[in-house]
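Participant: Below you will find the structure I want to go over with you.
The values are calculated or read from the model by the stated rules, or taken from the named source; none is laboratory data. Note that the coordinates shown come from a computational prediction; the quantities given were computed from them, not determined experimentally. Ideal geometry is used to build each Cβ from the backbone, glycine not excepted, and the neighbour counts take in all protein chains shown. For the accessible areas, the whole protein counts, side chains as well, though only heavy atoms, and no ligand, DNA or RNA atoms are used. Shrake-Rupley method; radii C 1.70, N 1.55, O 1.52, S 1.80 Å.
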Amino acid sequence: MKKLFSLLLAVLMLSACLVGCVQSGNTPGNNSETTPGGDPGTTPGEPAGGVAQELTVCTGPDPETIDPALNSSVDGAIMLSNAFSGLYQWHTNEDGTQTIIADCAQEVVEPTQLDDGTYQYVITLKEGLKWSDGTELKASDFTYSWNRAVDPNTLSDYQYIFDVIAGYSDTTPELAIEADDAARTITIVTSALCPYFNQLMAFPTYFPVRKDIVEANPDGWTFSADTYVSNGAFKMAEWTVGDKIVFVRNENYWNAANVKLDKLTFALSSDDDAIFANFENGTYQYTTRVPISQIPVLKNDPNRMNVDFFIGDYSGTYFLQFNVEQSFKPGIGNVSDDPAAWTDWTPAQNAEVRHALGLLIDRNYIVDSITQGGQLPAYGFVPAGMDDGTGTEFRAKAEKWWSVDPADKEANIAEALDILKKYYTFDEATGTFTDFPVFEYSVNPTSGNLAMCAAIQDMWDDYGITVSVDQRDWAVIQTALSNGDFTMSRLGWIADYIDSITFLEIYVAASGNNHPRLGKDGAVGSAAVYGNGSQTWNEAYEQLITTIKTSSDMQARADAMYQAEKALMDTYAVIPIYYYTNPYLAKTNVKDFLYSPLGFVYFRTAYIEG
Amino acid sequence: MDSKMLRYVLKRSLLAVFTIILIITITFFVMHAVPSSPFNKQKALTESVKKALEAKYGLDKPLGQQYVQYLGNVLKLDFGDSINFRGRSVMSLVGEGFKTSGKIGLIAAMLAIVTGVVLGALAAIKRDTTLDKTILVLTTASVSLPNFVVAIILLWAFGVWWAILPTRGTDPGGLIMPVLALMLYPSAYITRLTRSSMLDVLGQDYIRTARAKGVHQKKVLFKHALKNALTPVVTYAGPMIAYIVTGSFVVEQIFSVPGLGKYFVSSIQSSDYPMIMGTTIFLSLIMIFMTFISDVIYKILDKRIDFE
C-alpha cells in the first residue's frame, strides 16, 4: 500500500511539474506555438509571401439568425457586419476616434430641408456594385430590404430602428424611401433632423438583402452558402450547425482589393472557459468571450493587458430597476402594491427611499472587486461615451446624481441614512432600521449577476434592509419584467447607436422596455409627482421624448435630453451601477481589425502579420 | 421468436405509445404553466411583431387547441420549427445533433462497458491484492469527480499545456477527449458494479459445486460467474446508453461538439417550446427503447426470468 501511495505521489508531482514547465514556457505574445490537431482556420502550406491570411474567431454559439432584418444579437451583428456592406460604414481615424464614412454610397451626404419641415437625404450608390454571386446590386435592393424589415410580418426584432424615417408605424408602415435604379439613388425622408442617421446607415438591420433569394426561401436562405448572397467583404462558404460558419473573401465586394484575409472562420461555441482554452492554444485568434474569472488575472498581467487582452469601450449601463407600483411604506412587512400600502405614503416618498438605497451601494467596490473588467462606476443613466447630438459627450455636461469618488463613500451613506431616518425606525444600538419592508431582487442566475446580487444584498443588510433573492431563468424573468411581476431586478442596456435617445426613449409609457411601469395605466406609484410637479409622467416625459425625436434644433434637442434624464433620475426607478466595458482577446499578430463601442468588430481591413 | 416473446414485444410497444402520449401531455402543460414567453426579449419587440410571431407559432390559440394540434402534428412526424434558431426544423436540429452525440455516445458506452466489466472482474478475482485496491481507488475518484471537472482538466492538460490533442470535437481526433470524459463515470461505476456482483456470485454454492466437480478455473469464471454477475450491469447499461447517446450538455460545450446535449438546456432557458417538446420526446423514445433492449438481454442472460 505504501508503495502504491509513493508511486501515485510521484506521478502527481511529475505531472504538476510538467504543467508548470510548459505553462511558464508558453509566454503570451509568443505565437509560434504549434496548434494541436487540425486547426480549422490555419491549414499548413502557407502561400508564397507570408503567413496564410486565415483567421478563426469565436463570438459565441450558433447565432439565432444571420438574416440582417431579423438579427438582434451582437454576435449575429458581427457576422453580418463582415458579410454585408451598408450604405455607410464605421471607420477609425488616425487619432483613434471613429467616424462614419461611405461604403456602398459614393459619399456621406448632408440632408436638405423640405418645405414641410422634413429632411431629405439623396444617397448615390457607387458604380458597378455587385452581389457576391456577381449580379448587379441596385438601389432598389436597399429599399426592398428596408420595407421588408419594417413589415410586421417579417417578424424583425429591430422593426423600431426605422422609426426615424417618415411614414414609420409598427402596424402599417409606409416608409418615405424611394429608389431610382437608373440614377443609382436612394431618397430617404426623415420627419426631423436625426443626428445619428449616418450611424443607422451602417447598422446591420439596414443592410441590403436580395429579393429573389429571400422570397424563394424566406425562412432558410441564410442556412446555405448557395443562397446566402451578400455584398460585403466576405461571403459564406459553409455553415455547419454547432461547429462553424466559414466566410471567404468576396471578390465582388467593391473594395475587395483591400480585403487581406482569404478566410474568416467563426467557430461556434458557447462555453467561455472552453473558448478561452482554445484561444490559449491558438485554435482561435480572436474572441469576444472572456471568462469572468480570467478578467482580473489577464488585466493584472503586464504580459497580457493591452498585448493580447484588451478592454474595449462598450456603450451600456448595468442598473437596478424598481417596479414603481410597489410601496416601501414603513412597517408593512413586505414591499407591496396593495392599495392599503399606499395610504399615507406617496410615490415621492417611495422615490426618496429608492434614492437612499442607491446611495448605500458602493459602486467602486463593485467595479474594483466584483466585475473587475475596467467598468466605470455609474452616476447617471446614460453611459459614458454617448453623444448629446451636438458633438458634446452627454455625461460631461449632465448632472451627476451622486458622487462616485471613493472618498465620498461615507458621505453617501450618511445622506442615505438621513433620508431613511425620516421614515423608518432606526435602532442606534445595532445601527439598523427595524421596520424597512423586505423585498425581492429578481435575477437570472449568471455568475456575474449573482456575485453582484450578493454584494448589494450585503451592503443593504448592514442597515437592516433585507432583500431576498428570486432566481429565474432568462425567458421567465423577461416575462416577469414585462408584466410588472417583480419589485427590483437588474438589467443591462446597450446602445443601438451613439446617441443618448437610445437610452432615454425606453421609459415612455407605451414602451415594452418600461419595466418600472412609469406612467403605465393604473400604476399607483407612478402618479403626478413626477415630471415638473403639475404634469403626469406621461405628459412630462412623453413631451420631452417627442421634442427629442422631432426637433431639428440640435441644441433644443440636447436640452430636452438632459431634462429627460433628470426626470427619469428624479424617480429613482432606475439605479445605475456601472457602465459596461467589453473585454476581448486578440493574438498579437492579428492586425487592423476595427472594434466599435457598439460591440461590433469588422475584419475587412484585418490581416495576419507574418 | 416464439409467440410468448411476440406477445411481450407487442405489449411493450403499446405501453411505449401510452407512455409517450403521457410524457407529451405532461411536458406540454407543465411547459406552458411556466410564466414565460419566447418572445420577451431584452429589447422589447413592437406589439405588432410580437403578435405576428405568436400567430406564426400558433401561440395565440387557446392552450387546449394548441395541444390537440401538436398531437396531430406529432402523428404526422411534424415537430415544427425551433423558435430560437429561426427557420430550422426541430427534426433537423435534433437529427443532426444526434448524429454526433449518438456516435460519441455509443463509442463511450461500449468502451465503458468493456473496461468496466474487465476491470471489475479482475478486481473481484484478484480480491484484496494491490491491483484490486488500485482499481478501487481510481474508480472511487472517477465516480466522485463531476464530468465538467474531468472535462476541464482534460481540456487544459491535453489541449493547452501539453497540446497533444485537438480541443474542438469536429477536428480530426477531436472526439478522443469527449469520449474519455463521457466514459469515465460509467466505466468506473460498471467496474464497481461488476466487482461486487462478481464477488457475490463467486461465493454462491453453484460456483463451489462447479469447482468441486473439477471444472476448469477459466470456465468457472467466465461461463458460470461472469455471465451471472452481469445482470446488474445490464440493468444499469440500458438507461446509461440512452443518456449518453442523447448527449451531455457539459462535455459537448467544453469540447465544442455539435451534438444534441445543448438543446436540452438552451431550449428550456429560452422557452423554445417546439424544441423542448422535440428533445423530450426524443429522449423518452430512446429511453424506452433501451429499457426494452436491456429487458430482452436479461432474459438471454438468465433463463429464469419470464417475459410475463
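Participant: Quick check on segment A:321-344: of everything there that is of a type in the set (Gly, Ala, Ser) and either in contact with a Leu (Cβ under 8 Å, 6 or more places away or on another chain) or touching a residue at least 60 places away in the same chain (Cβ under 8 Å) (or both), which residue is surrounded by the fewest Cβ atoms within 10 Å (Cβ to Cβ)?
Facilitator: Here the answer is A:GLY333.
Participant: I've got another one for you. Regarding A:ASN82, is this residue more than 17 Å from the chain's Cα centre (by Cα) and either crowded, with 21+ Cβ neighbours inside 10 Å or in contact (Cβ under 8 Å) with a residue 12 or more places away in the chain (or both)?
Facilitator: yes
Participant: Could you tell me how many of the residues in segment A:345-362 are open to solvent by 10 Å² or more (accessible area, probe 1.4 Å) and not β-branched (Val, Ile, Thr)?
Facilitator: Residues meeting the conditions: 7.
Participant: Could you tell me whether segment B:249-260 includes any residue that is touching a Gly at 6+ places or on another chain (Cβ under 8 Å) and open to solvent by 30 Å² or more (accessible area, probe 1.4 Å)?
Facilitator: Yes, segment B:249-260 contains at least one residue that is touching a Gly at 6+ places or on another chain (Cβ under 8 Å) and open to solvent by 30 Å² or more (accessible area, probe 1.4 Å).
Participant: A further question on this structure: Only one residue in A:ALA480, A:ALA509 is in a loop (DSSP other than H, G, I, E, B), free of Cβ contacts under 8 Å to residues at least 40 places away in the same chain, under 30 Å from A:ILE332 (Cβ atoms) and assigned by TED's automatic domain parsing to the domain that holds A:ILE413. Which one?
Facilitator: None of the others qualify; the one that does is A:ALA509.
Participant: Kindly indicate whether any position in segment B:1-9 is buried (at least 17 other Cβ atoms within 10 Å of the Cβ), in contact with an Asp or Glu (Cβ under 8 Å, 6 or more places away or on another chain) and away from chain A (no Cβ under 14 Å).
Facilitator: So far as segment B:1-9 goes, yes, one or more of its residues are buried (at least 17 other Cβ atoms within 10 Å of the Cβ), in contact with an Asp or Glu (Cβ under 8 Å, 6 or more places away or on another chain) and away from chain A (no Cβ under 14 Å).
Participant: So A:PHE276 ticks every box in (1) in a loop (DSSP other than H, G, I, E, B); (2) within 11 Å of chain B (Cβ to nearest Cβ); (3) of a type outside the set (S, T, N, Q) but one. Which box is left unticked?
Facilitator: Going through (1) in a loop (DSSP other than H, G, I, E, B); (2) within 11 Å of chain B (Cβ to nearest Cβ); (3) of a type outside the set (S, T, N, Q) one by one, A:PHE276 breaks only (1).
Participant: Quick check on this structure: which one of B:SER256, B:SER266 is assigned to a helix (DSSP H, G or I) and polar (S, T, N, Q)?
Facilitator: Only one candidate passes the filter, namely B:SER266.
Participant: Considering only residues of segment B:189-218 that are open to solvent by 70 Å² or more (accessible area, probe 1.4 Å) and outside any helix (DSSP H, G or I), which is farthest from the other protein chains (Cβ to nearest Cβ)?
Facilitator: B:LYS213
Participant: Checking A:PRO445 against (1) more than 13 Å from every other protein chain (Cβ to nearest Cβ); (2) touching a residue at least 24 places away in the same chain (Cβ under 8 Å), which test does it fail?
Facilitator: (1)
Participant: Among the numbered criteria (1) at pLDDT 95 or above; (2) closer than 28 Å to B:VAL49 by Cα; (3) surrounded by fewer than 23 Cβ atoms within 10 Å (Cβ to Cβ); (4) of a type outside the set (S, T, N, Q), which one does A:ALA523 miss?
Facilitator: (1)
Participant: From A:THR287, A:THR283, which residue is farther than 29 Å from A:PHE394 by Cα, of a type in the set (S, T, N, Q), open to solvent by less than 10 Å² (accessible area, probe 1.4 Å) and within 21 Å of the chain's Cα centre (by Cα)?
Facilitator: Testing whether each residue is farther than 29 Å from A:PHE394 by Cα, of a type in the set (S, T, N, Q), open to solvent by less than 10 Å² (accessible area, probe 1.4 Å) and within 21 Å of the chain's Cα centre (by Cα) leaves just A:THR287.
Participant: If you don't mind, there's one more thing I want to ask. Pick from segment A:290-320 the residues that are open to solvent by 40 Å² or more (accessible area, probe 1.4 Å) and in contact with a helix residue (DSSP H, G or I) (Cβ under 9 Å, 6 or more places away or on another chain): which of them is farthest from the other protein chains (Cβ to nearest Cβ)?
Facilitator: Among those that are open to solvent by 40 Å² or more (accessible area, probe 1.4 Å) and in contact with a helix residue (DSSP H, G or I) (Cβ under 9 Å, 6 or more places away or on another chain), it is A:ILE311.
Participant: Restricting attention to segment B:235-290, which residues are more than 14 Å from every other protein chain (Cβ to nearest Cβ) and small (Gly, Ala, Ser)?
Facilitator: B:ALA237, B:GLY238, B:ALA242, B:GLY278, B:SER284
Participant: Please go through segment A:159-177 and pick out each residue that is within 21 Å of A:GLN199 (Cβ to Cβ) and of a type in the set (Val, Ile, Thr).
Facilitator: Across segment A:159-177, the qualifying residues are A:ILE161, A:VAL164, A:ILE165, A:ILE177.
Participant: I want to confirm something. Restricting to segment B:176-188 and keeping residues that are of a type outside the set (Gly, Ala, Ser) and either in contact with a Phe, Trp or Tyr (Cβ under 7 Å, 6 or more places away or on another chain) or open to solvent by less than 40 Å² (accessible area, probe 1.4 Å) (or both), which single residue is farthest from the other protein chains (Cβ to nearest Cβ)?
Facilitator: Looking at residues that are of a type outside the set (Gly, Ala, Ser) and either in contact with a Phe, Trp or Tyr (Cβ under 7 Å, 6 or more places away or on another chain) or open to solvent by less than 40 Å² (accessible area, probe 1.4 Å) (or both), I get B:PRO186.
Participant: Let me ask you something else. With the structure loaded, tell me whether A:ASP141 is charged (D, E, K, R), under 30 Å from B:ILE83 (Cβ atoms) and within 14 Å of chain B (Cβ to nearest Cβ) or whether it fails that test.
Facilitator: No: the conditions fail for A:ASP141.
Participant: Counting just the residues of segment A:230-252 that are more than 8 Å from chain B (Cβ to nearest Cβ), open to solvent by 10 Å² or more (accessible area, probe 1.4 Å) and not in a strand (DSSP E or B), which one comes out farthest from A:GLU609 (Cα to Cα)?
Facilitator: Of everything passing the filter in segment A:230-252, A:ASN252 is farthest from A:GLU609 (Cα to Cα).
Participant: Can you run down the residue pairs with Cβ atoms below 7 Å, 6 or more apart or on separate chains, where the first is in segment B:2-15 and in a helix (DSSP H, G or I) and the partner is not β-branched (Val, Ile, Thr)?
Facilitator: Filtered contacts from segment B:2-15: B:LYS4/B:PHE307; B:MET5/B:PHE307; B:TYR8/B:PHE307; B:ARG12/B:PHE292.
Participant: Hey, another quick one. Identify, from the list A:ILE494, A:ILE498, the residue that is in contact with a Ser or Thr (Cβ under 9 Å, 6 or more places away or on another chain), more than 22 Å from B:VAL34 (Cα to Cα), open to solvent by 10 Å² or more (accessible area, probe 1.4 Å) and within 13 Å of chain B (Cβ to nearest Cβ).
Facilitator: A:ILE494
Participant: Consider A:ALA77 carefully, then state whether it is more than 14 Å from every other protein chain (Cβ to nearest Cβ) and either in contact with a Lys or Arg (Cβ under 9 Å, 6 or more places away or on another chain) or of a type in the set (A, V, I, L, M, F, W, C) (or both).
Facilitator: When the stated conditions are applied, A:ALA77 does not pass them.
Participant: Please work out which one of (1) within 14 Å of chain B (Cβ to nearest Cβ); (2) among the β-branched types (Val, Ile, Thr); (3) surrounded by fewer than 19 Cβ atoms within 10 Å (Cβ to Cβ) is the condition A:THR187 fails and give its number.
Facilitator: So the condition that A:THR187 fails would be (1).
Participant: Something else: Kindly list the number of the only condition in (1) touching a Gly at 6+ places or on another chain (Cβ under 9 Å); (2) at pLDDT 90 or above; (3) within 14 Å of chain A (Cβ to nearest Cβ); (4) surrounded by 18 or more Cβ atoms within 10 Å (Cβ to Cβ) that fails for B:VAL49.
Facilitator: Against the list (1) touching a Gly at 6+ places or on another chain (Cβ under 9 Å); (2) at pLDDT 90 or above; (3) within 14 Å of chain A (Cβ to nearest Cβ); (4) surrounded by 18 or more Cβ atoms within 10 Å (Cβ to Cβ), B:VAL49 comes up short only on (1).
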